[in-house]
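Chemist: Handing you a structure now.
The values are calculated or read from the model by the stated rules, or taken from the named source; none is laboratory data. Just so it is clear, the structure is predicted and the values come from calculations on it, not from any experiment. Here the Cβ positions follow ideal geometry from the backbone for every residue, glycine too, while neighbour counts run over all protein chains shown. Quick note on the areas: whole protein, heavy atoms, side chains included, nothing else; ligands and nucleic acids left out. Shrake-Rupley method; radii C 1.70, N 1.55, O 1.52, S 1.80 Å.
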Amino acid sequence: MTAKIARNLMPLNATVRDVMARLNEAVGVILFVDDGGKLQGVATDGDVRRAILNGRGLDTPAADFMIRQFTFGRDDAEPTANLALLTERVRHLPILDADGRPVELLTWANLWALPLIQPSLGGNESRYVNDCLATGWISSQGPYIEKFQSAFAEYMGGGKALCTSSCTTALHLALEALGIGAGDEVIVPDLTFGATANVVIHANATPVFVDIDPITWTIDPKAIAAAITPRTKAIIPVHLYGHPCDMGPIMELARQHNLKVIEDCAESLGAEYQGRKAGLIGDVGCFSFFANKVITTGEGGMAITRSPEVAAQMAILRDHGMTRERRYWHLHAGYNYRMTNLQAAIGLAQLERIEIFLKRRDDLVRRYNTYLAGFPELGLPTQAPWARNIYWLYSLAVRPERLGMTRDQFSAMLSERGIETRPVFQPLHGQPAYRSGIAHPCPVSADIAERGISLPTGNEMSGNDVDRVCDAITSILRTQRVYRAQSA
Ligand SMILES: *Cc1c(COP(=O)(O)O)cnc(C)c1O
């Protein structure tokens with residue numbers, strides 16, 4: 001018997017209270033076995049809720065409330081025959097051996113797992129990649145690089161765009177091209193993916209961690225103002241989860257203190273601040289095309305800037321620091337941060353469908369918002385009046401005191417129902433890699449990091465998928481309400 005199923009087994013004298021405690025560990029269903037190990041009955045959280053509503057007390061033994069009529073599979077049956085027994089009503093299927101003892105449990109998670117994010121590659125991607133293969137242009141030279149860069153700049157509404165091997169390398173190029181280096185401080189949000197701070201350290205500068213805004217989860221301009229010193233040289237606002245930062249006050253601070261602004265747009269392609277695309281508001285904008293971002297090239301990134309000088313400097317650094325004027329003449333100890341033509345071919349095909357992807361996300365978000373609006377246990381994501389949030393991931397902050405469980409318990413219950421979720425990032429300032437950084441108080445970042453969770457949000461996701469996630473959430477929250485009412 002697998003360790004997994006052991007957590008589902010309980011004796012016939014287990015009480016409602018025992019069963020509730022075990023179900024709270026996200027096991028989904030309890031299998032009640034007799035002294036011989038034979039399955040005699042089952043109960044899900046819904047069955048326990050109904051038992052309580054029918055007046056059963058917490059000390060009622062399983063034998064008095066378990067469901068004795070249940071669907072089960074056989075361990076000698078075809079696996080597909082067993083899976084076929086899973087339906088809208090039968091979400092947990094015990095598999096019994098010849099003696100009637102449970103040996104396995106099939107769930108919806110086995111049948112229909114819903115991933116957090118799935119790329120959509122059904123456009124011109126394969127045609128363009130095949131074109132690269134057929135013509136032999138597979139390295140970082142070739143027509144798709146130029147095509148992708150100009151299509152990207154056109155989508156952004158201006159600037160010079162440079163393909164890179166990732167967003168991380170784009171950020172590093174931006175810092176070096178803007179002259180940020182040893183002795184300089186760079187202000188970054190405490191809640192972001194680590195790459196935002198790593199590149200500051202790669203550039204030999206010092207990351208300064210400041211708090212985020214509790215509504216948008218993006219860097220708080222007041223916290224930036226409080227962290228500026230004579231050594232501060234740059235700010236890296238991160239448009240987190242697709243919500244743009246409050247760029248007006250940030251650019252005003254940068255103007256007053258003569259600071260560079262590098263926008264980390266890894267999660268925000270298409271996001272807008274007061275009708276302007278995020279990425280072209282600061283000095284340089286850096287985008288990611290990792291497989292889980294809004295558009296993908298597998299691995300890849302883009303840097304965009306309105307400054308021809310900065311663009312030229314980034315291009316030289318991207319290509320080993322060599323000048324264009326003289327062959328094999330190195331002006332800097334540069335990098336190889338180039339993208340391949342193969343990746344650019346995929347990127348161009350992805351960008352052709354950006355409006356479709358963003359529209360689909362808008363639809364998903366509207367559906368999530370409508371369905372989940374009635375649950376005060378959940379803090380739904382928002383969009384500031386000046387913002388276009390492109391909702392890279394539909395992320396909410398649970399309220400554990402109302403929910404009666406932690407974010408991680410909630411996530412485990414969704415996982416048990418086949419739904420993948422993700423905790424938000426960890427605050428950076430306490431992590432081993434960033435001890436050399438300067439940390440300002442970050443209570444909001446700490447709070448959101450503990451309560452934030454991302455639900456499935458993908459370019460291929462359907463309305464039905466959203467409904468399935470919301471159905472699962474509804475069932476978890478309803479059950480939890482009954483338990484809480486009972487134990488109050
Ligand atoms: C994904 C991500 C990055 C890194 O992007 P890569 O292309 O994987 O290097 C940087 N910053 C943020 C906020 C991200 O989400």
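Chemist: Among 463-470, 54-61, how do they line up from the highest to the lowest mean number of other beta-carbon atoms within 10 Å?
Modeler: The densest-packed peptide leads the list: 463-470, 54-61.
Chemist: For each pair in Lys147/Lys293; Lys260/Lys359; Lys277/Lys359, compute the distance between the two Cα atoms and list the pairs where it is over 27 Å.
Modeler: Lys260/Lys359
Chemist: Can you give the direction-averaged projected area of the convex hull of the alpha-carbon atoms in the range 1-81, in nm²?
Modeler: 5.9
Chemist: Order these peptides, 292-298, 375-381, by their mean beta-carbon neighbour count within 10 angstrom, highest first.
Modeler: 292-298, 375-381
Chemist: By DSSP, what percent of the beta bridges with both residues in the chain are antiparallel, rounded to the nearest 5?
Modeler: Just about 60 percent of them are antiparallel.
Chemist: If you put +1 on each Lys and Arg Cβ and -1 on each Asp and Glu Cβ, how big is the dipole of the range 125-351 around its Cα centre, in Debye rounded to 20?
Modeler: Approximately 640 debye in magnitude.
Chemist: Continuing with the same structure: Is there a quick way to get the dipole size of the range 55-121? I mean about its Cα centre, with the Cβ of Lys and Arg at +1 and of Asp and Glu at -1; what is the value in debye to the nearest 20?
Modeler: With only Lys, Arg, Asp and Glu charged at Cβ, the dipole is about 280 debye.
Chemist: Test of understanding: extend the Cα→C-beta vector of Arg231 to 7 Å, then name every residue of the range 438-467 with backbone N under 13 Å from that spot.
Modeler: Backbone N within reach: 438-439.
Chemist: So what's the net charge close to Phe152: Lys and Arg +1, Asp and Glu -1, counting the other residues with Cβ under 12 Å from its Cβ?
Modeler: That works out to 0.
Chemist: Would you calculate, for the chain, the mean residue ellipticity at 222 nm contributed by helices, counting each DSSP H stretch of 4 or more residues as -39,500 (n - 2.57) and dividing by all residues, to the nearest 500?
Modeler: Only helices count here, giving -11000 deg cm²/dmol.
Chemist: Share of antiparallel DSSP beta bridges in the range 125-351, in percent to the nearest 5?
Modeler: 50
Chemist: Here is a follow-up. Search the structure for amide H atoms under 5 Å from the amide H of Ile235, placed 1.01 Å from N in the peptide plane, and list their residues when 5 or more places away or on another chain.
Modeler: Distant-sequence amide H within range of Ile235: Ile187, Lys260, Val261, Ile262.
Chemist: Against the longest principal axis of the chain, how steep is helix 463-487, in degrees 0 to 90 to the nearest 10, with axes from Cα atoms?
Modeler: Taking Cα atoms only, the helix is inclined about 60 degrees.
Chemist: Which angle between 0 and 90 degrees, to the nearest 10, do you get for helix 167-177 versus the longest principal axis of the chain when only C-alpha atoms count?
Modeler: In the chain, helix 167-177 runs at an angle near 30 degrees to the longest axis.
Chemist: How high is the FRET efficiency between Ile5 and Ser462 when r is their beta carbon distance and R₀ equals 30 Å, given to the nearest 0.05?
Modeler: After rounding, the FRET efficiency stands at 0.40.
Chemist: Now, a different point. Tally the DSSP beta bridges in the range 1-100 and give the antiparallel ones as a percent, rounded to 5.
Modeler: So the antiparallel bridges amount to about 60 percent of the total.
Chemist: Here's a follow-up. Which value in nm describes the separation of the simple spin-label points at Asp64 and Met322, placed 7 Å from the Cα toward the beta carbon?
Modeler: It works out to 8.4 nm between the two label points.
Chemist: Next question, about the same structure. Between Asp363 and Asn204, with labels modelled 7 Å along Cα→Cβ, what's the label distance in nm to one decimal, could you check?
Modeler: 5.2
Chemist: In addition: With +1 assigned to the C-beta of every Lys and Arg and -1 to the C-beta of every Asp and Glu, and no other charges, what is the dipole magnitude of the chain about the Cα centre in debye, to the nearest 20?
Modeler: 520
Chemist: Using a 1.4 angstrom probe on the protein heavy atoms only, could you order Ser475, Ser139 from most to least accessible area?
Modeler: Most to least solvent-accessible, the answer reads Ser139, Ser475.
Chemist: Tell me, what % of the accessible area of the chain is carbon and sulfur with a 1.4 angstrom probe?
Modeler: Here it works out to 51 percent.
Chemist: Say each of Ile215 and Leu83 gets a label point 7 Å from the Cα, pointing the same way as Cα to Cβ; how far apart are those two points in nm?
Modeler: Modelled inter-label distance: 4.7 nm.
Chemist: Residues with amide H under 5 Å of Arg422's amide H, sequence separation 5 or more or different chain, H placed in the peptide plane at 1.01 Å from N; which?
Modeler: Residues meeting the criterion, in which the H sits 1.01 Å from N, are Ser454.
Chemist: Note down the relative contact order for the range 3-111 as a percent, whole number, built from C-alpha pairs under 8 angstrom at least six residues apart.
Modeler: Rounded, it is 24 percent for the range 3-111.
Chemist: So, R0 is 22 Å and r is the distance between the beta-carbons of Leu12 and Arg74; what FRET efficiency does that work out to, to 0.05?
Modeler: In this case the efficiency is close to 0.45.
Chemist: Here is a follow-up. Work out the P(r) tail for the chain: percent of alpha carbon pairs separated by more than 31 Å, whole number.
Modeler: 52
Chemist: Report the extension gain between Glu146 and Arg127 in nm, rounded to one decimal, defined as 0.36 nm multiplied by the number of residues separating them, less their alpha carbon distance.
Modeler: Full extension of this stretch gives 5.1 nm more.
Chemist: Sorted by packing (mean other beta-carbon atoms within 10 Å per residue), highest first, where do 217-226, 169-178 land?
Modeler: Ranking the peptides 217-226, 169-178 by packing returns 169-178, 217-226.
Chemist: Right, here's the next one. Angle, helix 143-156 long axis vs. longest principal axis of the chain, Cα atoms, 0 to 90°, nearest 10?
Modeler: Taking Cα atoms only, the helix is inclined about 80 degrees.
Chemist: Counting other C-beta atoms within 10 Å, and keeping those with at most 11, which DSSP coil GluC sites (Glu not before Pro) do you find in the range 1-109?
Modeler: Filter output for the range 1-109: Glu88.
Chemist: Moving to a separate point now. Ser445: accessible area at probe 1.4 Å, nearest 10 Å²?
Modeler: Probe radius 1.4 Å; accessible area of Ser445 about 0 Å².
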